[in-house]
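One structure below.
The values are calculated or read from the model by the stated rules, or taken from the named source; none is laboratory data. Owing to the predicted nature of the structure, the values given are computational and were not obtained by experimental measurement. All Cβ positions, glycine included, derive from the backbone under ideal geometry; neighbour counts span all protein chains shown.
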Amino acid sequence: MILSKEVEINLNSSNIKYYENLGYVIPRALNKNKKLIVIPNSKLKVKVSDLSKGSKATINLQCDYCEIPYESKYYNYCKSNINGIIHKDACFSCGHIKEKESNMLIYGVENALQRPEVRKKFNETCIERYGSENFGGTDEWKEKVKKTNLDRYGSEYAQSNNEIKEKIRNAQNFDIEFIRKEFGKRDYKLLSYFYINNTQDLDFICNKHSEYGVQTTTYANLNSSNHVCKICENERKSELYSHDYNFVKSIFEDNKLILISKKYTNENQELEFTCNRHLEYGVQTTPFGLLLHRGNGCRYCGIERRSGINHFPLQNYLRDKINDWKINSIKQCNYKCILTGDRFDAIHHLYSFSNILEETLDILSIGLKNVISEYTLEELSIIESKLKELHYKYGLGVCLRKDVHDLFHSKELYGKGNNTPEQFEEFTKRYNNGEFTSLLTSK
């Protein structure tokens with residue numbers, strides 16, 4: 001839920017006309033040549049409801065799961081809420097809950113690894129890399145666990161430690177007054193009146209953050225965590241990931257980037273910068289944590305250095321650039337195969353992707369090259385833009401179960417490439433008449 005009513009934005013050449021058309025008064029003055037111009041570095045207070053979907057203005061939101069306020073860029077709000085599959089706001093701590101809801105809607109499971117085909121691929125990758133279906137089953141992992149236990153508990157197995165054994169044995173026998181004192185040591189006020197075991201949900205209030213009301217945890221969590229109060233934990237993380245501004249600036253400079261933002265709070269904060277190698281693309285933003293830990297800064301440098309992408313065929317590269325079209329297609333089909341009503345596996349182009357790409361390159365007078373690295377960044381940008389435009393021109397796709405999709409594209413029916421809406425209309429009639437019943441996998 002949006003808490004902010006108004007925000008202050010920086011005026012620039014890309015948004016002046018937009019806000020002026022909405023009726024806002026743009027601050028102007030005469031320059032030395034008596035020409036009326038927008039006053040440099042002007043700011044404007046606007047309603048949050050009037051912000052453009054690409055606005056980088058910071059707004060205050062309330063998490064729809066834990067009801068704790070947090071900050072977000074408006075364009076991230078649009079991406080995750082308005083254009084998202086689940087129209088809710090989730091703070092960093094609750095993001096996994098929203099992800100589970102999304103997975104349930106799209107795939108019918110809370111975690112992608114619960115899908116047999118994903119689990120199979122995961123296991124195959126683990127076998128290839130570690131010689132086991134699960135990294136936790138490798139000798140390397142077992143030795144790491146043993147070393148950690150030796151450092152912490154003096155034995156290779158945590159439960160061999162007498163103190164741990166005593167804790168496990170006693171956890172079931174504590175009375176409510178003992179539990180109340182344990183909460184009190186952390187400056188929490190226990191509200192629950194009885195105690196069963198260490199996995200029971202217990203209500204409490206944090207004395208430091210009583211304005212956020214009742215929270216819930218278990219004694220097991222209290223015993224193993226630094227903080228079970230979400231606000232205390234967020235403050236701890238903020239302090240843990242805080243850095244001196246000069247240190248932050250030096251990291252940007254080490255990556256050939258010029259830091260523009262004048263204040264720094266934590267690693268999740270979006271910081272503005274320009275790239276010495278790509279000044280023509282203007283101001284960019286990145287969370288400092290991504291730059292510090294993963295080297296994610298200038299997106300254009302990223303495209304150039306990802307050799308894997310540089311050697312992709314154009315078709316493969318562009319299929320990942322139409323996610324908005326895919327999401328809208330999924331929503332239109334109500335997250336199900338439109339023919340069977342089952343969970344879908346593929347999004348079918350009614351007008352084939354290859355035809356749309358061919359038309360895109362023809363309109364732009366750009367030839368089809370072997371790999372991405374043979375195109376300039378500017379060419380890739382205009383190809384992507386035109387491709388998206390034509391996708392919406394020819395309409396959204398349809399969700400299909402894998403065996404239905406494979407059947408449509410089989411050599412005996414319509415094949416791959418040069419497909420049309422008329423073909424799918426014919427296929428639908430034949431499907432509804434029961435012509436393909438014996439050919440399809442029963443689900």
Inset, instruction - Determine whether the range 106-114 contains at least one residue that is in contact (Cβ under 8 Å) with a residue 12 or more places away in the chain, surrounded by 15 or more Cβ atoms within 10 Å (Cβ to Cβ) and of a type in the set (A, V, I, L, M, F, W, C). - result: yes
Inset, instruction - Kindly indicate the residue of the range 243-263 that is in a loop (DSSP other than H, G, I, E, B) and surrounded by fewer than 13 Cβ atoms within 10 Å (Cβ to Cβ) and also modelled with the highest pLDDT among those meeting that condition. - result: Lys262
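Residues being assigned to a loop (DSSP other than H, G, I, E, B) and in contact (Cβ under 8 Å) with a residue 12 or more places away in the chain: count how many of those fall in the range 195-211. Reasoning before the result, please.
Restricting attention to the range 195-211, the residues satisfying the condition of being assigned to a loop (DSSP other than H, G, I, E, B) are 195-201.
Narrowing the set further to residues that are in contact (Cβ under 8 Å) with a residue 12 or more places away in the chain leaves 195, 197-201.
Matching residues across the range 195-211 total 6.
Among the residues of the range 328-352, which ones are of a type outside the set (Lys, Arg) and within 8 Å of Cys399 (Cβ to Cβ)? Working first, answer last.
Of the range 328-352, the ones of a type outside the set (Lys, Arg) are 328-330, 332-335, 337-342, 344-352.
Matches in the range 328-352: Ser329, Ile330, Cys333, Tyr335, Cys337, Ile338, Phe344, Ala346, Ile347, His348.
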Inset, instruction - Could you tell me which numbered condition Asn310 fails, if it satisfies all but one of (1) surrounded by 15 or more Cβ atoms within 10 Å (Cβ to Cβ); (2) at pLDDT 80 or above; (3) over 30 Å from Ile196 (Cβ atoms)? - result: (2)
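Yes/no matrix, rows are residues, columns are (1) assigned by TED's automatic domain parsing to the domain that holds Leu396; (2) at pLDDT 80 or above; (3) crowded, with 17+ Cβ neighbours inside 10 Å:
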residue: Pro287; (1), (2), (3): no, yes, no
residue: Leu291; (1), (2), (3): no, yes, yes
residue: Arg294; (1), (2), (3): no, no, no
residue: Cys301; (1), (2), (3): no, no, yes
residue: Leu318; (1), (2), (3): yes, yes, yes
residue: Ile322; (1), (2), (3): yes, yes, yes
residue: Lys326; (1), (2), (3): yes, yes, no
residue: Ser329; (1), (2), (3): yes, yes, yes
residue: Gln332; (1), (2), (3): yes, yes, no
Legend entry - Single unsatisfied condition, Asn207 versus (1) surrounded by fewer than 16 Cβ atoms within 10 Å (Cβ to Cβ); (2) under 30 Å from Glu379 (Cα atoms): (2)
Inset, instruction - Please specify each residue of the range 19-28 satisfying the condition of being exposed (fewer than 14 other Cβ atoms within 10 Å of the Cβ) and in contact (Cβ under 8 Å) with a residue 24 or more places away in the chain. - result: Leu22
Inset, instruction - Tell me, please, whether a residue that is closer than 21 Å to His391 by Cα, within 33 Å of the chain's Cα centre (by Cα) and among the charged types (D, E, K, R) can be found in the range 421-438. - result: no
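Among Leu350, Leu368, which is surrounded by fewer than 17 Cβ atoms within 10 Å (Cβ to Cβ), touching a helix residue (DSSP H, G or I) at 6+ places or on another chain (Cβ under 9 Å), in contact (Cβ under 8 Å) with a residue 24 or more places away in the chain and part of a loop (DSSP other than H, G, I, E, B)? Please lay out each step first, then the result.
Working: Leu350 fails: surrounded by fewer than 17 Cβ atoms within 10 Å (Cβ to Cβ).
The unique qualifying residue is Leu368.
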Inset, instruction - Residues being buried (at least 16 other Cβ atoms within 10 Å of the Cβ), β-branched (Val, Ile, Thr) and in a loop (DSSP other than H, G, I, E, B): count how many of those fall in the range 29-84. - result: 1
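Tell me which residues, restricted to the range 105-157, are among the charged types (D, E, K, R) and closer than 23 Å to Asp345 by Cβ. Please lay out each step first, then the result.
Taking the range 105-157 first, the residues among the charged types (D, E, K, R) are 110, 115, 117, 119-121, 124, 128-129, 133, 139-140, 142-144, 146-147, 151-152, 156.
Result: Glu110, Arg115, Glu117, Arg119, Lys120, Lys121, Glu124.
Okay, residues lined up against (1) assigned by TED's automatic domain parsing to the domain that holds Ile330; (2) touching a Lys or Arg at 6+ places or on another chain (Cβ under 9 Å); (3) at negative phi; (4) at pLDDT 85 or above:
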residue: Glu378; (1), (2), (3), (4): yes, no, yes, no
residue: Glu384; (1), (2), (3), (4): yes, yes, yes, yes
residue: Gly395; (1), (2), (3), (4): yes, no, no, yes
residue: Asp403; (1), (2), (3), (4): yes, yes, yes, yes
residue: Asp406; (1), (2), (3), (4): yes, no, yes, yes
residue: Tyr414; (1), (2), (3), (4): yes, no, yes, yes
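Condition (residue is more than 30 Å from Asp64 (Cβ to Cβ) and outside any loop (DSSP other than H, G, I, E, B)) applied to the range 105-118: is it met by at least one residue?
Among the residues of the range 105-118, at least one is more than 30 Å from Asp64 (Cβ to Cβ) and outside any loop (DSSP other than H, G, I, E, B), which makes the answer yes.
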Inset, instruction - Search the range 128-156 for residues that are assigned to a helix (DSSP H, G or I) and pair each with any residue that is surrounded by 12 or more Cβ atoms within 10 Å (Cβ to Cβ) and at pLDDT 75 or above when their beta-carbon atoms are under 8 Å apart and the residues are at least 6 apart or on different chains. - result: Phe135/Cys126; Phe135/Trp141; Lys146/Glu156; Lys146/Tyr157; Asn149/Ser155; Asn149/Glu156; Asn149/Tyr157; Leu150/Glu156
Legend entry - Conditions (1) assigned to a loop (DSSP other than H, G, I, E, B); (2) crowded, with 16+ Cβ neighbours inside 10 Å: number failed by Ile9: (1)
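Report yes if Asn370 is on the phi < 0 side of the Ramachandran plot, touching a Ser or Thr at 6+ places or on another chain (Cβ under 7 Å) and at pLDDT below 75, otherwise no. Working first, answer last.
Numbers: on the phi < 0 side of the Ramachandran plot: yes; touching a Ser or Thr at 6+ places or on another chain (Cβ under 7 Å): no; at pLDDT below 75: yes.
Answer is no for this residue.
Among what's in the range 418-437 and is of a type outside the set (Ser, Thr, Tyr) and more than 17 Å from Cys399 (Cα to Cα), pick the residue that is surrounded by the most Cβ atoms within 10 Å (Cβ to Cβ).
So the first thing to find is which residues in the range 418-437 are of a type outside the set (Ser, Thr, Tyr), and the list is 418-419, 421-427, 429-430, 432-436.
Filter once more, so that each one left must be more than 17 Å from Cys399 (Cα to Cα): 418, 430, 433-436.
On the way: Asn418: 12, Arg430: 12, Asn433: 9, Gly434: 8, Glu435: 11, Phe436: 17.
Checked the range 418-437; the qualifying residue surrounded by the most Cβ atoms within 10 Å (Cβ to Cβ) is Phe436.
Is it the case that Phe344 is touching a strand residue (DSSP E or B) at 6+ places or on another chain (Cβ under 6 Å) and aromatic (Phe, Trp, Tyr)? Give the derivation first.
On the way: touching a strand residue (DSSP E or B) at 6+ places or on another chain (Cβ under 6 Å): yes; aromatic (Phe, Trp, Tyr): yes.
Yes; evaluated as a whole, the condition is true for this residue.
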Inset, instruction - Kindly list the number of the only condition in (1) within 26 Å of Asp324 (Cβ to Cβ); (2) part of a helix (DSSP H, G or I) that fails for Leu396. - result: (2)
